[in-house]
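*Asks:* Supplied in structure tokens, the structure appears directly below.
The values are calculated or read from the model by the stated rules, or taken from the named source; none is laboratory data. Only a predicted model underlies this, so the values are computations on that prediction, with no experimental measurement involved. Cβ sites come from the backbone with ideal geometry, for glycine too, and all protein chains shown count toward neighbours.
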Amino acid sequence: MIVTSQLFDIHDRCPRRLALERTHEPLTISATGLLYAGIEGGIIGADPCVSALDSIRAITSRFDVQSGDLAPISVVRHVGFMAEVISLALIRKFGRFSRIANTVFGSHEWQSNLFERKNGDLHRIFLVSYLDDDSLRSFAHSWGTVGELAALERDVTLTAVVIGAQRAGRRHSHWSRCFQHPVQKSALRFASRKRDDGFTKGWREVWREMTDISAATWLDKMGTDDVLPDLIQSRRVPYRPDDYRMVKAREDMFKIIPQMESASIDDPMRRSSCDEVGRGACVWQRLCWSPTPVELDDLDYLFRERATE
Ligand code: SF4
């Protein structure tokens, strides 16, 4: 079996969901899921901006985007522009990344979700609305970190990208929005500078997707206003083979794998996972929460069978 940290996470939350996702996939993707795909493509591709947009194009050719308050085209454009700047910022800070090859994990194969820098450091890149000690601890203790540490037996660096709160269909953060001088359009500001505090009420709020400002120029100006250190933060989590937490995690993982293999769509619902704060509604609610009995085949306008490799 090919195992990933994501499978452990889904199984923890709801075995029934794991069983559903083994055979079927939703026809839609969230804006955040699309942003992840764009950034992942951007940081491993030949050109961060072009590769980010290519990845987004590839995903939107297969999935409809959940667009909420905005038209789908506006969401795709907003996400694409953010993915360009964030990918470029990550590449400038860390250099190009690559995916790592599958490794042996007991009698199974481990497929990592981490990205490797040229110097061999492994990064788990995650997007958060904001970053505090609680959210950092939660990421550090999740399968996405512990599972990778235990399976790969290597240090992992957690790299958080703060993308701001989502309101009215857009992410409100410096990646996407700034203030533009009322006359001199090339003058952009993200934060007040002590030396030259020239902000007045005349500066107009703009979204990058509504301008023709390139990702490189936008990022340069973010650097000038010194807002980047708060938006990309990293913590290294060392792997120690004698650490009992690692020994126990490996033990647990080998116990859980057979449980994952036997997960079934008839398993009891895990209701606390149906609407998790911060993760939103589970995509399978139309099946599990239907007031009348419903089969997967009745929901072919929402889900399709996964292509077998
Ligand atoms: S809707 Fe709830 S019970 Fe159904 S798969 Fe999702 S988390 Fe599990």
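*Asks:* Can you pull out every residue in the stretch 283-303 that is surrounded by fewer than 14 Cβ atoms within 10 Å (Cβ to Cβ) and either closer than 21 Å to Arg62 by Cβ or within 11 Å of the ligand (Cβ to nearest atom) (or both)?
*Replies:* Gln285, Ser290, Asp297, Asp300, Tyr301
*Asks:* In addition: Which condition from (1) part of a helix (DSSP H, G or I); (2) more than 16 Å from the ligand (Cβ to nearest atom); (3) within 29 Å of Arg304 (Cα to Cα); (4) in contact (Cβ under 8 Å) with a residue 40 or more places away in the chain is the one that Ser67 breaks?
*Replies:* Of the numbered conditions (1) part of a helix (DSSP H, G or I); (2) more than 16 Å from the ligand (Cβ to nearest atom); (3) within 29 Å of Arg304 (Cα to Cα); (4) in contact (Cβ under 8 Å) with a residue 40 or more places away in the chain, the odd one out for Ser67 is (1).
*Asks:* I've got another one for you. State all residues of the stretch 122-139 that are more than 17 Å from Ile232 (Cβ to Cβ) and small (Gly, Ala, Ser); if no residue qualifies, say none.
*Replies:* Ser138
*Asks:* A further question follows. Met253: under 28 Å from Trp110 (Cβ atoms), away from the ligand (no atom under 16 Å from the Cβ) and either part of a helix (DSSP H, G or I) or touching a residue at least 24 places away in the same chain (Cβ under 8 Å) (or both), yes or no?
*Replies:* In short, yes.
*Asks:* Which one is nearest to the ligand (Cβ to nearest atom) among residues in the stretch 30-64 that are at pLDDT below 95 and buried (at least 19 other Cβ atoms within 10 Å of the Cβ)?
*Replies:* For the stretch 30-64, the residue satisfying everything is Ser30.
*Asks:* Here is a further query. Can you tell me how many residues within the stretch 236-253 are loosely packed, with under 14 Cβ neighbours inside 10 Å and either of a type outside the set (Lys, Arg) or closer than 23 Å to Ser135 by Cβ (or both)?
*Replies:* Qualifying residue count for the region: 9.
*Asks:* How about the stretch 193-212: which of its residues are modelled with pLDDT of 85 or more, in contact with a strand residue (DSSP E or B) (Cβ under 9 Å, 6 or more places away or on another chain) and assigned to a loop (DSSP other than H, G, I, E, B)?
*Replies:* Thr211
*Asks:* Okay, next question. Residues in the stretch 220-250 that are under 30 Å from Val104 (Cα atoms), assigned to a helix (DSSP H, G or I) and not hydroxyl-bearing (Ser, Thr, Tyr): how many?
*Replies:* Count: 6.
*Asks:* While we're here: Could you give every pair whose Cβ atoms fall below 6 Å, whose first residue belongs to the stretch 264-288 and is in contact (Cβ under 8 Å) with a residue 40 or more places away in the chain and farther than 14 Å from Ile10 by Cα, and whose second residue is in a loop (DSSP other than H, G, I, E, B) and near the ligand (Cβ under 8 Å from one of its atoms), counting only separations of at least 6 or pairs across chains?
*Replies:* From the stretch 264-288, the pairs are Cys288/Met269.
*Asks:* Okay, moving on. Examine the stretch 234-247 for a residue that is aromatic (Phe, Trp, Tyr), farther than 23 Å from Thr157 by Cα and either out of contact with any Leu (no Cβ under 9 Å at 6 or more places or on another chain) or more than 16 Å from the ligand (Cβ to nearest atom) (or both), and state whether such a residue exists.
*Replies:* No, the conditions are met nowhere in the stretch 234-247.
*Asks:* Right, something else. Contact list please: Cβ distance under 7 Å, first residue in the stretch 170-192 and in a strand (DSSP E or B), second residue hydroxyl-bearing (Ser, Thr, Tyr), pairs at least six apart or on different chains.
*Replies:* From residues that are in a strand (DSSP E or B), the pairs are Arg170/Ser176.
*Asks:* Mind listing just one residue for me: the one in the stretch 269-282 that is more than 8 Å from the ligand (Cβ to nearest atom) and not in a strand (DSSP E or B) and, of those, surrounded by the fewest Cβ atoms within 10 Å (Cβ to Cβ)?
*Replies:* Val277
*Asks:* Another question, then. Give the residues of the stretch 68-111 that are among the hydroxyl-bearing types (Ser, Thr, Tyr) and closer than 30 Å to Glu251 by Cβ, sorted by residue number.
*Replies:* Within the stretch 68-111, Thr103, Ser107 qualify.
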